[in-house]
Structures are given as structure tokens and as C-alpha cells.
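Participant: Can you read through this structure? Questions will come right after.
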Amino acid sequence: MENIDYARVFGEIADLLEIQGANPFRIRAYRNGARTIETLSQPIESLLADEEARLEDLPGIGKDLAGKIRELHETGELNFLNELRREVPASLVQIMHIPGLGPKRARQLWDGLEITSVEELEEAAKAGALEELPGFGPTLQERILKGIVELKARAGRFKLADADIYVHPLLEYLRKAGGLADLEVAGSYRRRCETVGDIDILATSSGESPLMDHFVAYRDVQEVLAKGPTKSSLRLKGGLQVDLRLVPRESYGAAMAYFTGSKAHNIVIRGIGRERGLKINEYGVFEGERLVCGRTEEEVYAAIDLPWVPPELREDRGEFDAARAGRLPESLRLDDIRGDLQMHTTYSDGRQSAAEMVEACRERGYEYMAITDHSPSLAMTGIKAEDFERQYAEIDELQEKHDDIRILKSCEVDILEDGSLDLGDDILALMDFVVIAVHSKFNMSRADMTRRITGAMRHPKVNALAHPTGRLINRREPYPVDVEELVKVACDQGLMLELNAQPDRLDLRDFHLQMAREAGVKIVISTDAHRAAELDYMRYGVDQARRGWLERADVGNTYALEEFLKLLEK
Ligand code: DGT
Ligand code: CA
Ligand code: CA
Ligand code: ZN
């Protein structure tokens with residue numbers, strides 16, 4: 001079992017307990033455990049094999065969870081989970097994740113109407129039968145129906161970071177097949193889309209290769225869907241589908257271009273080819289029957305007088321005009337990033353101390369960082385008002401010790417329902433960098449929500465708006481908000497907008513980033529790390545930034561410290 005499998009088990013337990021109405025502390029313990037495991041840099045299995053290592057030393061893993069991990073490892077299942085599953089229908093978990101519902105309402109549906117599946121829920125909502133239940137008015141019913149449509153639409157898509165958990169070990173395994181010349185992932189994965197439907201791998205061989213036999217013998221195969229000499233498909237344990245193609249070496253570039261897509265991008269390529277009397281497909285570029293080229297992607301683009309286009313831009317969203325005009329953006333790189341401007345510590349809901357986060361940022365070679373614990377109104381997780389002084393004194397001390405990194409005093413200040421900030425000007429005055437964000441009361445009209453956020457953005461101390469739309473990929477739709485208006489106000493106020501790099505946020509989205517860039521608004525890419533290992537989510541932020549056409553100059557945290565601080569002046 002991989003870490004993600006252990007994490008899923010604890011996540012499922014937490015969901016089931018929540019539907020049962022169990023003690024919130026107990027539920028949180030499982031959620032924390034899941035989070036710890038999911039972001040662990042080392043496989044749990046290797047910890048289990050190591051006599052010295054103690055699971056109990058991991059943050060959030062007590063004796064109880066450690067015992068469950070061992071049971072899972074030894075028996076492949078968990079008695080406790082099996083019992084829970086007998087008590088609560090599993091599909092209620094799916095129901096509870098529909099926007100507008102939650103564990104309590106899922107329970108109501110079950111108790112009151114004996115609804116245990118999404119299909120039953122859809123039927124009941126369409127028939128207006130939910131109105132019997134207290135609190136289930138017509139608005140909620142409509143929302144539920146919309147949520148079901150979304151649920152069906154996204155079923156089966158993996159977040160990019162989740163796909164990575166499977167893709168990296170698989171590639172490493174495939175490289176051992178022998179006789180291979182090339183091996184690369186194409187498709188939406190190569191375009192670094194925020195979610196992927198399946199994984200498309202291309203290979204070439206330098207002679208005979210046992211690649212396909214090797215592929216289907218992979219230890220994590222759940223089901224072989226097809227096997228042939230040039231194409232095989234399988235489903236991995238965990239559900240991800242992988243297509244593997246072995247292509248001729250002289251076609252590799254053409255195949256790479258074709259299978260990288262997107263489909264919309266390919267259609268334009270083929271059209272331009274046709275205008276010039278060329279046939280372009282996955283085997284190459286042809287004039288009549290004659291193969292003109294196809295060995296590299298560059299050749300394919302050059303055949304239609306275009307420069308090579310970075311995969312992240314291949315969406316038919318303006319890349320052809322830009323390529324013709326020689327104005328393709330110069331892709332941002334991970335090592336352009338000089339600081340991380342959103343992270344949490346044990347003062348709020350982070351798992352590590354300020355000192356540990358500083359150390360982790362120094363290890364990553366950053367020039368600056370901001371510690372942005374939640375503000376006090378988030379009752380369960382926020383920093384306590386009386387702790388600011390203590391934290392800032394601690395930052396001063398840490399700063400004394402380290403002259404290679406600037407530690408900015410900050411806070412992720414909650415935007416209250418009326419658009420005011422959760423902290424007074426006296427405390428804000430102590431900060432070097434002020435980030436604001438919405439964390440509650442999502443259920444407002446678009447106009448009200450936009451007014452609420454832009455009102456807060458106009459506060460003179462504010463520097464950045466975090467996760468501007470609040471969406472959680474595969475889990476929560478964005479709250480209704482006019483992003484164009486946020487961009488406009490950011491521009492007027494000299495504010496930065498955040499690209500939150502958490503793999504389930506990636507908020508702003510790629511097309512929003514493009515919009516911000518065109519308006520001249522700076523983006524700050526932050527990981528919102530809740531533990532040191534999550535600082536590595538920066539790469540997903542950079543991927544998303546590339547999809548949003550951002551160049552170095554568009555991203556605030558690529559600037560050297562002094563210039564970055566100048567960006568904060570109004
Ligand atoms: P996904 O898997 O849904 O996240 O998205 P993709 O883009 O990886 O799509 P996939 O796996 O269906 O196909 C991989 C690429 O192959 C796709 O990006 C473009 C190319 N392709 C697939 N079907 C067609 C097609 O009917 N026409 C064209 N022009 N290209 C196609
Ligand atoms: Ca794909
Ligand atoms: Ca595919
Ligand atoms: Zn936040």
C-alpha cells in the first residue's frame with residue numbers, strides 16, 4: 001500500500017464517523033492523520049520496515065492510528081473500517097460531499113427518506129420529495145441537483161498531484177524494461193492540467209523491447225484493459241487508467257505532438273498543415289505519401305513555420321497568434337521563485353513551528369518568506385489575539401539568527417461578512433505583508449460577495465488576496481464572485497492576487513491568471529503550506545502559472561527581496 005491508500009482509509013473513516021455524528025475531536029484526529037500521511041516525504045512502508053522509526057513520532061499519529069496503520073499493513077484491511085461500512089452505507093459519503101449537503105444533512109436524508117445513493121437522491125430531488133425534511137427548501141433542492149450534475153461530470157478525474165503519486169513510480173519501473181530509447185508522458189498530464197482523465201505514455205525502442213510484457217506485469221495493476229505490441233492500457237489500483245504506446249522512432253515527435261494535445265490545439269495544427277498541402281497526424285508530417293518529418297516536435301512545428309509551443313499553452317487560447325508574432329511567453333521556472341508568502345504554523349492550524357518553517361524555507365534557498373497564520377475569527381484554527389506579540393517577538397529572534405532569509409511578519413486575515421477585516425489597524429500596523437481571504441459565509445449572491453471582497457481589498461494595509469475564488473477541486477465549487485472586478489480593483493489598489501499552489505486549490509485558475517497578467521496585476525504564488533513538506537507544492541503553482549501564461553516579471557515572488565518590498569509600497 002502507498003501512503004495515499006493509508007490516507008484514503010483515514011479520510012473514509014473520518015467521513016463515516018461524521019455521518020454517524022461522532023465526537024468532533026475524534027473525527028479531526030483521523031483527518032489530521034490522513035493529512036500527515038498524504039504529505040509524508042517517505043513511504044509509510046519503509047517506516048514500518050525500519051526498526052528504529054516510530055510511527056507514533058509522526059505529527060498527528062498517536063498510538064491508536066499507528067496501530068491501525070500496522071493492521072492495514074499486515075492484513076490489508078481494517079476491522080474498524082469494515083464495521084463502520086456495515087453501519088453506514090458508503091454512498092452516503094458521496095452524498096455528503098455534494099455542495100449544499102454535509103454529514104448532518106446526509107444523515108437526515110438517510111433517516112428521513114432512506115436515501116442511500118446519489119441516484120435515489122436525484123430522483124427524490126426531482127420529484128420535490130426532499131421538502132418533507134426540515135431545512136430542505138426549493139433553493140437547496142436546486143443546489144443539490146446542480147451538485148449532482150457536477151459530481152457526475154468530474155467522476156474519475158484525478159488531481160494532478162494525486163496522479164503524480166502513481167506516475168512517478170510507474171515511470172521508474174518502466175525505464176527498467178530495457179531496450180528503450182524514449183519514455184515520456186503526453187496528454188493532459190504533460191500540459192500540466194489541474195486534473196487528468198488518464199495518463200498517456202509514449203515510448204520508442206532501440207531494438208526489441210519487452211516493454212508491453214513488463215508494463216502489464218507492474219505490481220499495482222488492477223486490470224489489464226488491452227494488450228498489444230504497440231498499445232496497451234490498464235487500470236492501476238486506485239483507479240487511474242494508463243495508456244502506453246510504443247511508436248517508431250521517426251514518428252516520436254509527431255506522436256508526442258498528437259498525444260499531448262489538446263484536441264483543440266491539434267485541430268488547428270492539422271488545419272494549418274492542410275492549407276499548406278501537408279497531412280499532419282501521429283505518424284508524421286506528410287506531403288502526399290512522402291514522410292517529410294516527425295522525429296521531433298520542433299520539426300513538426302517548423303513544418304508549418306511555427307516555433308515550438310510549450311505544452312502548457314496548447315489549448316487554442318491564443319498560442320497560435322502569439323507564436324506567429326514571436327510573442328510566446330517565456331515559461332516561468334521553479335528556480336525563479338525566491339520566496340513563499342503563505343504558510344501556517346502551530347500558532348494556527350499548521351503542524352510545525354515557526355522555527356521549523358524558517359529552516360525549511362532556508363533549505364529551499366528562499367530569500368524571503370511570510371508566516372501567515374489564520375486570524376482569530378476562525379475560532380477553531382485561528383491564532384489567538386494575545387499571541388501576535390509572542391509570535392512577532394519569536395520572528396524577531398529567528399531573524400536575529402539568520403541573515404540569509406527575510407522573515408516577513410504577516411497574517412492571513414479573514415474577510416468578514418461585511419467586507420471588514422478581522423483585525424484592527426493597530427495589529428495590522430505591525431505587519432510587513434498583509435494577506436486577506438474569505439473562509440466562511442460562502443453562500444452570498446455574486447454581487448454581495450464581490451462587494452465584500454473588493455471592500456476588504458481597498459483597506460490601505462492589504463497586500464494580497466489569497467485563494468480568490470475559494471474553490472476546492474473535485475470538492476467545492478468557487479463561491480460566486482466577479483473575478484474580473486477583483487482584477488480591476490487589484491490593479492487600482494496595487495494589490496497582488498494569489499495563485500494558491502495547494503493541489504486541490506490551484507486558485508486562481510489558468511484563464512484568470514491570463515486575465516490578471518493582461519491587466520498588469522502581479523501574482524504571488526504561495527503554497528499555503530500547513531507543514532514543511534507542503535512547501536514543495538510550489539511546483540504545482542509554477543505549472544499552473546505557466547498555463548496562465550505568466551512570465552517571471554508577472555510573479556511578485558520572483559523579485560529579489562528589495563524589489564519585492566517595493567511592490568508592497570502603495
Ligand atoms: P484527459 O485524459 O481527459 O485529461 O485529456 P487528454 O488531453 O490527455 O486527452 P486523451 O487522453 O483523451 O487524449 C490524449 C491526446 O490525444 C489529446 O490531448 C489529443 C489527442 N487526441 C485524442 N483524441 C483525439 C481526436 O479525436 N482528435 C485529435 N485531433 N486529437 C485527439
Ligand atoms: Ca489523457
Ligand atoms: Ca488517453
Ligand atoms: Zn486560507
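The values are calculated or read from the model by the stated rules, or taken from the named source; none is laboratory data. Everything numeric in this text was worked out from a predicted model, so none of it was measured. Here Cβ is always computed from backbone atoms with ideal geometry, including for glycine, and neighbour counts include all displayed protein chains. Heads up: the accessible areas ignore ligands, DNA and RNA and are worked out on the full protein's heavy atoms, side chains in. Shrake-Rupley method; radii C 1.70, N 1.55, O 1.52, S 1.80 Å.
Participant: Restricting attention to the range 129-160, report how many residues are farther than 30 Å from residue 506 by Cβ and modelled with pLDDT under 85. Please lay out each step first, then the result.
Facilitator: First, pick out the residues of the range 129-160 that are farther than 30 Å from residue 506 by Cβ: 129-138, 141.
From the residues that got through so far, the ones that are modelled with pLDDT under 85 too are none.
Number of matching residues: 0.
Participant: Would you mention how many residues in the range 111-127 are open to solvent by less than 50 Å² (accessible area, probe 1.4 Å) and in a loop (DSSP other than H, G, I, E, B)?
Facilitator: So the answer is 3.
Participant: Moving on. What number goes with the only condition from (1) without any contact (Cβ under 8 Å) to a residue 12 or more places away in the chain; (2) within 16 Å of ligand 4 (Cβ to nearest atom) that residue 566 does not pass?
Facilitator: The one condition residue 566 does not meet is (2).
Participant: Take the range 338-371 and flag every residue that is assigned to a helix (DSSP H, G or I), over 12 Å from residue 534 (Cβ atoms) and of a type in the set (A, V, I, L, M).
Facilitator: Correct list: 354, 355, 358.
Participant: Let me ask something else. State all residues of the range 424-458 that are within 16 Å of residue 344 (Cβ to Cβ) and either open to solvent by 20 Å² or more (accessible area, probe 1.4 Å) or not assigned by TED's automatic domain parsing to the domain that holds residue 557 (or both); if no residue qualifies, say none. Reasoning before the result, please.
Facilitator: Going through the range 424-458, the residues within 16 Å of residue 344 (Cβ to Cβ) turn out to be 431, 433-437, 439.
Correct list: 439 only.
Participant: Please specify each residue of the range 101-149 satisfying the condition of being among the β-branched types (Val, Ile, Thr) and either in contact with a Leu (Cβ under 9 Å, 6 or more places away or on another chain) or over 27 Å from residue 85 (Cα atoms) (or both). Give the derivation first.
Facilitator: Taking the range 101-149 first, the residues among the β-branched types (Val, Ile, Thr) are 115-116, 118, 139, 144, 148-149.
Scanning the range 101-149 gives 115, 116, 118, 139, 144, 148.
Participant: Now a separate question. What is the one condition in (1) in a helix (DSSP H, G or I); (2) open to solvent by less than 10 Å² (accessible area, probe 1.4 Å) that residue 150 does not satisfy?
Facilitator: Status for residue 150: all satisfied but (2).
Participant: Could we say that residue 213 is in contact with a strand residue (DSSP E or B) (Cβ under 8 Å, 6 or more places away or on another chain) and either in contact (Cβ under 8 Å) with a residue 24 or more places away in the chain or away from ligand 4 (no atom under 16 Å from the Cβ) (or both) here? Reasoning before the result, please.
Facilitator: Working: in contact with a strand residue (DSSP E or B) (Cβ under 8 Å, 6 or more places away or on another chain): no; either in contact (Cβ under 8 Å) with a residue 24 or more places away in the chain or away from ligand 4 (no atom under 16 Å from the Cβ) (or both): yes.
So residue 213 fails the test.
Participant: Need pairs with beta-carbon distance below 6 Å; first residue crowded, with 21+ Cβ neighbours inside 10 Å and within the range 178-191, second acidic (Asp, Glu); sequence gap 6+ or separate chains.
Facilitator: Once the first residue is crowded, with 21+ Cβ neighbours inside 10 Å and sits in the range 178-191, its partners that are acidic (Asp, Glu) give 186/200; 191/312.
Participant: Moving to a separate point now. Could you please give the count of residues in the range 280-295 that are surrounded by fewer than 16 Cβ atoms within 10 Å (Cβ to Cβ) and under 19 Å from residue 263 (Cα atoms)?
Facilitator: Qualifying residue count for the region: 0.
Participant: Next up: Any residue in the range 436-453 that is β-branched (Val, Ile, Thr) sitting within a Cβ distance under 8 Å of a residue that is part of a helix (DSSP H, G or I)? List the pairs, counting only those 6 or more apart or interchain.
Facilitator: 436/456; 436/457; 438/449; 438/452; 438/453; 450/485; 450/486; 453/486
Participant: To continue, here is another question. Tell me the strands (runs of 3 or more DSSP E) entirely within the range 158-234 that contain at least 2 residues that are more than 16 Å from ligand 1 (Cβ to nearest atom) and hydrophobic (A, V, I, L, M, F, W, C).
Facilitator: On the way: elements: 180-185, 199-205, 221-227.
Passing ranges, in order: 180-185, 221-227.
Participant: Next up: Does the range 480-495 include one or more residues that are at pLDDT below 95, within 23 Å of residue 150 (Cβ to Cβ) and open to solvent by 50 Å² or more (accessible area, probe 1.4 Å)?
Facilitator: Yes, the range 480-495 contains a residue that is at pLDDT below 95, within 23 Å of residue 150 (Cβ to Cβ) and open to solvent by 50 Å² or more (accessible area, probe 1.4 Å).
Participant: Within the range 128-147, how many residues are open to solvent by 80 Å² or more (accessible area, probe 1.4 Å) and not in a helix (DSSP H, G or I)? Working first, answer last.
Facilitator: Start the filter on the range 128-147 by keeping residues that are open to solvent by 80 Å² or more (accessible area, probe 1.4 Å), which leaves 131-132, 134, 138-139, 142-143, 146.
Applying the additional criterion that residues be not in a helix (DSSP H, G or I) yields 134.
Residues meeting the conditions: 1.
Participant: Right, next: Does the range 199-217 include one or more residues that are surrounded by fewer than 20 Cβ atoms within 10 Å (Cβ to Cβ), within 15 Å of ligand 2 (Cβ to nearest atom) and not aromatic (Phe, Trp, Tyr)?
Facilitator: Within the range 199-217, not a single residue is surrounded by fewer than 20 Cβ atoms within 10 Å (Cβ to Cβ), within 15 Å of ligand 2 (Cβ to nearest atom) and not aromatic (Phe, Trp, Tyr).
Participant: Only residues that are of a type in the set (A, V, I, L, M, F, W, C), open to solvent by 10 Å² or more (accessible area, probe 1.4 Å) and within 24 Å of the chain's Cα centre (by Cα): list them for the range 367-379, please.
Facilitator: Initial filter on the range 367-379 (of a type in the set (A, V, I, L, M, F, W, C)): 369-371, 378-379.
After this cut, where a residue has to be open to solvent by 10 Å² or more (accessible area, probe 1.4 Å) as well, the list is 378-379.
Matches in the range 367-379: 378 only.
Participant: Does residue 539 qualify as being within 16 Å of ligand 2 (Cβ to nearest atom), under 18 Å from residue 337 (Cβ atoms) and out of contact with any strand residue (DSSP E or B) (no Cβ under 8 Å at 6 or more places or on another chain)? So that I can check it myself, show each step before the final result.
Facilitator: Working: within 16 Å of ligand 2 (Cβ to nearest atom): no; under 18 Å from residue 337 (Cβ atoms): yes; out of contact with any strand residue (DSSP E or B) (no Cβ under 8 Å at 6 or more places or on another chain): yes.
Spelling it out, it is not the case that residue 539 is within 16 Å of ligand 2 (Cβ to nearest atom), under 18 Å from residue 337 (Cβ atoms) and out of contact with any strand residue (DSSP E or B) (no Cβ under 8 Å at 6 or more places or on another chain).
Participant: Right, here's the next one. Tally the residues that are in a loop (DSSP other than H, G, I, E, B) and among the β-branched types (Val, Ile, Thr), restricting the search to the range 235-245.
Facilitator: We begin by selecting, within the range 235-245, every residue in a loop (DSSP other than H, G, I, E, B); these are 237-240.
Applying the additional criterion that residues be among the β-branched types (Val, Ile, Thr) yields none.
The qualifying residues number 0.
Participant: Here's a follow-up. Can you confirm whether residue 251 is within 16 Å of ligand 2 (Cβ to nearest atom) and open to solvent by less than 20 Å² (accessible area, probe 1.4 Å)? I'd like the intermediate steps shown before the answer.
Facilitator: Working: within 16 Å of ligand 2 (Cβ to nearest atom): no; open to solvent by less than 20 Å² (accessible area, probe 1.4 Å): yes.
No, not satisfied.
Participant: Another question about this same structure. Restricting the search to the range 459-472, which residues are open to solvent by 10 Å² or more (accessible area, probe 1.4 Å), part of a loop (DSSP other than H, G, I, E, B) and either hydrophobic (A, V, I, L, M, F, W, C) or over 21 Å from residue 370 (Cβ atoms) (or both)?
Facilitator: Start the filter on the range 459-472 by keeping residues that are open to solvent by 10 Å² or more (accessible area, probe 1.4 Å), which leaves 459-461, 463, 471-472.
Then keep just the ones that are part of a loop (DSSP other than H, G, I, E, B); that gives 459-461, 463, 471.
If the condition is that a residue be open to solvent by 10 Å² or more (accessible area, probe 1.4 Å), part of a loop (DSSP other than H, G, I, E, B) and either hydrophobic (A, V, I, L, M, F, W, C) or over 21 Å from residue 370 (Cβ atoms) (or both), then 471 is the only one that fits.
Participant: Then there's this: Can you tell me which of 12, 74, 83, 51 is charged (D, E, K, R) and in contact with a helix residue (DSSP H, G or I) (Cβ under 7 Å, 6 or more places away or on another chain)? Lay out the reasoning, then the answer.
Facilitator: On the way: 74 fails: in contact with a helix residue (DSSP H, G or I) (Cβ under 7 Å, 6 or more places away or on another chain); 83 fails: in contact with a helix residue (DSSP H, G or I) (Cβ under 7 Å, 6 or more places away or on another chain); 51 fails: in contact with a helix residue (DSSP H, G or I) (Cβ under 7 Å, 6 or more places away or on another chain).
Testing whether each residue is charged (D, E, K, R) and in contact with a helix residue (DSSP H, G or I) (Cβ under 7 Å, 6 or more places away or on another chain) leaves just 12.
Participant: Taking the options 194, 172, name whichever one is crowded, with 19+ Cβ neighbours inside 10 Å, away from ligand 3 (no atom under 16 Å from the Cβ), under 24 Å from residue 237 (Cβ atoms) and not aromatic (Phe, Trp, Tyr).
Facilitator: Numbers: 172 fails: crowded, with 19+ Cβ neighbours inside 10 Å.
Testing whether each residue is crowded, with 19+ Cβ neighbours inside 10 Å, away from ligand 3 (no atom under 16 Å from the Cβ), under 24 Å from residue 237 (Cβ atoms) and not aromatic (Phe, Trp, Tyr) leaves just 194.
Participant: Please indicate, with yes or no, whether at least one residue in the range 254-267 is open to solvent by less than 10 Å² (accessible area, probe 1.4 Å), touching a Ser or Thr at 6+ places or on another chain (Cβ under 6 Å), away from ligand 3 (no atom under 14 Å from the Cβ) and not in a strand (DSSP E or B).
Facilitator: no
Participant: Considering each residue of the range 427-466, count those that are in contact with a Leu (Cβ under 8 Å, 6 or more places away or on another chain), within 30 Å of residue 11 (Cβ to Cβ) and not hydroxyl-bearing (Ser, Thr, Tyr), and give that number.
Facilitator: Residues flagged as in contact with a Leu (Cβ under 8 Å, 6 or more places away or on another chain), within 30 Å of residue 11 (Cβ to Cβ) and not hydroxyl-bearing (Ser, Thr, Tyr) within the range 427-466 amount to 5.
Participant: Then there is this: Mind listing whichever residues of the range 29-54 are open to solvent by 70 Å² or more (accessible area, probe 1.4 Å), small (Gly, Ala, Ser) and within 25 Å of the chain's Cα centre (by Cα)?
Facilitator: Across the range 29-54, the qualifying residue is only 41.
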